[in-house]
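Notes follow the structure.
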Amino acid sequence: MSGHNEGAITRRRMLGFAGAAGLAGAGLVVGAGPASARTYGFDQLFELPDTDNMQGLAYRRGRYYVGFDVGDGHGVIRAYDGSGTRLKETAPLAVGHAAELSFRDRDGHLYVATGGGTNPTKVHVVDIAAANPQVIRTIDFASLGNSGLVAVDNRRDGLLVHAGPDDDGPFVFAFAGFDGTVRSQFTLESQGVPQGLEMARDKILYYTNNTITVLSRKGTILEVIDVPEAGESEGLAVANAGTRTRVFAGFNKPNRIYAMTPTFS
C-alpha cells in the first residue's frame, strides 16, 4: 500500500463537493460532507491468474466473482476462492461490459450491469449457480442513460442503479424494483470515472478511480475514502455481517483484489 494523507482534501474532492453543493441548490442533490476522518488500509488478498479486461466484482460465501469484458457485447464471469484459485468460469454471456456485479440474497442470482459511457443501461440476471450459467432475464434501464452500474439493496430487496449520459455524468442513482420500476432517485455530479457500486446496509459505496465515496440513500456525501493503489479501479464488493461490512476493491494491471481494513460501519 502506498502512502497517502487521509486528512487532506484534494482538488478533485473539493471540486466534487462543490459540484454536489451546487446541485443541491438546484434541488437535485443534497449537500456534501467532509473528507474521511477515519483511516483505512487496503491489503492485497490475491492477484488473479487471468489477464483479461477485468471489470465488475462481487462476493458471496467465501468466493469472489469477477466480470471480464471479452468484447462484442459479451462478458465472462469467473469465481475464485480466497487464494485466487479459479473455481468456475461461464461461457461468454451477453452482459455488455460486465461493469459491476451484485448478489441478491433472496434468489442467489448475480445481477450484472452493462456499463460503458455509450452503452444503454441494462441489468442482466445470471443464474450463476447453474452448471452452465445463463442470462435468465434482462431489466432495461436505458431510460436512465448509459454508464450503468448496479448494486442489490438486500436490506429492502431492491436494486440501486447508476446511469448517466456518459462516463462524465452527472449521474442518476435510482432505487428500483426487480420489475424495473423506479421508486426514488437522486442526481450527483461526477466524482470520477464510475467503477463500482455497493450497499452497506443503508449507505451507498460508490467506487471511482482511487476513491470510495460514501453516500446516504438521499445522496448526501458522508465520507470520502482514498484507495491509494496503482492501476485502474475495477469493481467493488461487500460482505455485510451485523453492523459491520467487509469491503473488497478490484484493480487492474495486474488484476488483483484488496480488502479494506478495518471493516466499514
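Listed values, structure above:
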item	result
Number of the exception - R13 against (1) charged (D, E, K, R); (2) within 24 Å of S265 (Cβ to Cβ); (3) modelled with pLDDT of 95 or more	(3)
V182 modelled with pLDDT of 95 or more, among the hydrophobic types (A, V, I, L, M, F, W, C) and open to solvent by 40 Å² or more (accessible area, probe 1.4 Å)	yes
Residues within region 149-165 that are within 14 Å of L188 (Cα to Cα) and in contact with a Ser or Thr (Cβ under 6 Å, 6 or more places away or on another chain), tallied	2
1 or more residues open to solvent by 10 Å² or more (accessible area, probe 1.4 Å) and under 30 Å from G192 (Cα atoms): qualifying strands (runs of 3 or more DSSP E) within region 57-144	63-71, 74-80, 100-103, 122-126, 135-140
Residue match in region 97-108 (condition: touching a Pro at 6+ places or on another chain (Cβ under 6 Å) and either over 16 Å from G235 (Cα atoms) or polar (S, T, N, Q) (or both))	no
Region 130-170, residues that are among the small types (G, A, S), in contact (Cβ under 8 Å) with a residue 24 or more places away in the chain and under 30 Å from L87 (Cα atoms)	S147, G148, A151, G158
Residue match in region 203-221 (condition: under 18 Å from R104 (Cα atoms), at pLDDT 95 or above and small (G, A, S))	no
Cross-chain or 6+ apart pairs with Cβ under 8 Å, region 248-265 first and more than 12 Å from S233 (Cβ to Cβ), then of a type in the set (F, W, Y) and modelled with pLDDT under 95	none
Selection status of G192, open to solvent by 10 Å² or more (accessible area, probe 1.4 Å), among the small types (G, A, S) and touching a residue at least 60 places away in the same chain (Cβ under 8 Å)	yes
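The values are calculated or read from the model by the stated rules, or taken from the named source; none is laboratory data. Since we're looking at a predicted model, the values are computed, not measured. All Cβ positions, even for glycine, are placed from backbone atoms using ideal geometry, and neighbour counts span all protein chains on display. We work out accessible area using only protein heavy atoms, side chains counted, and drop any ligands, DNA or RNA first. Shrake-Rupley method; radii C 1.70, N 1.55, O 1.52, S 1.80 Å.
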